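Comments concern the structure below.
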Amino acid sequence: MLDIRGLEKYAQDTIVFPAFDLTVERHEVTALYSSMNVRHTLLDMLTGRLAISSGEIRVNGMTLAEGGKAYLSQVGFLLLEEGTYENLSVKELLSFYKKLYHSVPKIEDVIRFVKLDTKANTRIHKLTLSEKRRVQYARLWIQDPEIFIFEEPDQNVDIETKTVFQRLVSHLNELSKAILILTGNMESAIGVTSRIYRLDEKGLKAYDIQESLMRDWEDGEKPSESTELEALHTEDNLSEVGDAPANARDSLSSDKDDELADDEVELGESPVIQFVRFEKIPTRMNDKMILFNPPEIDYIESFEGQTQLYINGDVYPSTFKINELEERLRTYGFFRCHRSYIVNLQKVREIVTFTRNSFSLILDDASRTSVPLSKTKMAELKDMMGLK
């Protein structure tokens, strides 16, 4: 359906992404994890706003130059920021799109599916951000293209909207549609597919999140650390495009605290040095080191061998592995809620169930940040909290 071959982009002697290949077939949901710059560049190429100087993008075998309207009619885009007719009601807007696309689905059924029954006659400008996003989902469903391309489809939306999006992706997958999700949020990617790639200046890397491994985690059988790392980060599971080098993995490990049995120093002996536990978590930014108190940290994410701290909406790289941080922060109320995440339980406001095996922790911040919670860890957390 969607076939990208040898596509690359350089800007002012800077590489945005080197040549890469990617194919999205029917019944496939593919997530592409990238920075905002990479995402916008790729979207501009997909929509024809940016000329392709090297490589090509084909939809059902045709490029935009060859197919024109036929190419565009087969692709539906949901952009993070897109204009609409704000003065129309939800029903009026979707009726307009139904006529525009000569669509078959009934407007009432679509409105019901995206949970806007009570807002059908409400003007778009009076809707919340989450409700407007659901209108976008409805518009794409009515368009009914063969390929769906979503940009940050569940960013800054409420739980109901996230659930609607997951149901939509599942429904489209059953209809043999090809789906590509462009996001900078790994949780969004994991939530709808196990076929995840990262695209950056080093190329395209494929993550093999093995279904059997995921089932083992959900069933309570935690694999060994070596198996876990092999499933997510080994070079055997890493597809590199072009000459992009593989990311080196950090092999730093913290020194164990020295323990001294004697507290007194006798005359004539060398002085005994008392080691003090350091209650700060260091991060390095450019040429300086920043020290954070543990309670300042909202949550921690491990991705591609790099551990990152999330603090008040900002991201800081850590020199410690996630297992080391788990050990250091356990006494401060931090909880390993997922193999790739540690959360500060003092920052958690809600525990949300999406499906029987899908859970999230909602943080008490302005963005209502969502952090994944595995089924096994859900049981452990309930046990900690004395819940049944």
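Mind scanning Lys69/Lys98; Lys162/Lys377; Lys162/Lys288; Lys162/Lys321 and naming the pairs with a C-alpha gap bigger than 28 Å?
Table pairs above 28 Å Cα-Cα are Lys162/Lys288; Lys162/Lys321.
Please list, by residue number, everything in segment 125-168 whose backbone N is under 14 Å from a paramagnetic label point 7 Å out along Cα→Cβ of Leu79.
In segment 125-168, the label zone of Leu79 (backbone N under 14 Å from the point 7 Å along Cα→Cβ) covers 149-152.
Can you list the lysines whose alpha carbon sits under 16 Å from that of Lys119, skipping same-chain ones fewer than 8 residues off?
The qualifying lysines are Lys91, Lys132.
Largest first and in whole Å, give the semi-axes of segment 26-72's equivalent ellipsoid, each being the square root of 5 times a Cα gyration tensor eigenvalue.
Equivalent-ellipsoid dimensions as semi-axes: 19, 16, 9 Å.
What's the FRET efficiency of Glu304 with Ile351 using the Cβ-Cβ distance as r and R₀ = 25 Å, to the nearest 0.05?
That pair, Glu304 with Ile351, gives E of 0.35.
Treat every Asp and Glu Cβ in segment 2-207 as -1 and every Lys and Arg Cβ as +1, leave all other atoms uncharged, and give the resulting dipole magnitude about the Cα centre to the nearest 20 debye.
Computed charge dipole of segment 2-207: roughly 560 debye.
Which distance in nm do the two modelled labels at Glu380 and Asp21 give, with both placed 7 Å along the Cα-to-Cβ direction?
4.1
Counting other Cβ atoms within 10 Å, keep those with at most 10, restrict to DSSP loop, and tell me which trypsin sites (Lys or Arg not before Pro) in segment 291-359 are left.
Sites meeting the loop and neighbour criteria: Arg356.
Compute the length gained on full extension between Asp3 and His125: take 0.36 nm times their separation in residues and subtract their Cα-Cα distance, giving the result in nm to one decimal.
40.2 nm
Return, for the Cα atoms of segment 2-207, the radius of gyration and Dmax in Å, separated by a comma.
Using the Cα atoms of segment 2-207, the pair Rg, Dmax is 17.1, 52 Å.
For the full complex of protein chains and a 1.4 angstrom probe, list His27, His171 by accessible area with the highest value first.
His27, His171
Need the list of lysines near Lys382 for cross-linking: C-alpha distance under 21 angstrom, and skip anything on the same chain fewer than eight residues off.
Partners within reach: Lys222, Lys347.
Can you list the lysines whose alpha carbon is less than 18 Å from that of Lys202, not counting same-chain residues fewer than 8 positions off?
Reachable lysines: Lys9.
Measuring from a point 7 Å past the Cα of His171 along Cα-to-C-beta, which residues in segment 346-362 have an amide N at less than 20 Å?
354-356
Using a 1.4 Å probe, what is the accessible area per residue for segment 2-207, in Å²?
With all protein chains present, segment 2-207 gives 45 Å² per residue.
Using a 1.4 Å probe and ignoring any ligands, DNA or RNA, find the accessible area of Asp3 and quote it in Å² to the nearest 10.
40
The values are calculated or read from the model by the stated rules, or taken from the named source; none is laboratory data. Keep in mind the model is a prediction, meaning the values are calculated, not measured. Counting neighbours? That spans all protein chains shown, and the Cβs are built from the backbone with ideal geometry, glycine included. Heavy atoms of the whole protein, side chains included, go into the accessibility calculation; ligands, DNA and RNA do not. Shrake-Rupley method; radii C 1.70, N 1.55, O 1.52, S 1.80 Å.
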